[in-house]
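Only one structure is covered here, and it is reproduced in the block below.
What follows is calculated from the coordinates using simple rules that are stated; it is not laboratory data. For clarity, every value in this text was computed on a predicted model and none was experimentally measured. Cβ: placed from backbone, ideal geometry, glycine included. Neighbour counts: every protein chain shown.
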Amino acid sequence: MSTSSLSALAAEHLEVARTSPSGRSAHTVVGGHTRTLRQTLIALLGGQTLDEHENPGEATVHVLSGRVRLTTRDTFWDGETGDLIVVPDARHTLSAVEDAAVLLTVAKLP
């Protein structure tokens, strides 16, 4: 068993995002593509967006710092530090309203 400081990882990856041409950084904290459960820390600079994509299973976005907006064709949800957004079963984007770090948790459907 291991432990990780999500606050420290968020700060570290926001620094990486600041020097990255894409304005973002990501790190798999738990699991991976071959596992059912995957948790990924994602850091995005303000104004950056993860392009529209499908939800590969049940998923949540826990906002560790900053503000984000999750958008589908029909609606959107705003989240700020401490908020948990349940990702809908629909194509969606995730945008950073300001510099933000989130923990994406996905349980892939069989």
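So the values come out like this:
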quantity	calculated
For the stretch 1-34 versus the stretch 79-110, the gap between their alpha-carbon centres in whole angstrom	15 Å
Placed amide H near Gly46: partners under 5 Å, 5+ positions off or other chain	Asp99, Ala100
Where labels lie 7 Å past Cα in the beta-carbon direction, separation of Val86 and Thr49 in nm	2.6 nm
For the stretch 6-108, alpha-carbon Rg and Dmax in angstrom	12.6, 35
Inter-label distance, nm, simple model (7 Å from Cα along the C-beta direction), Thr36/Asp74	2.9 nm
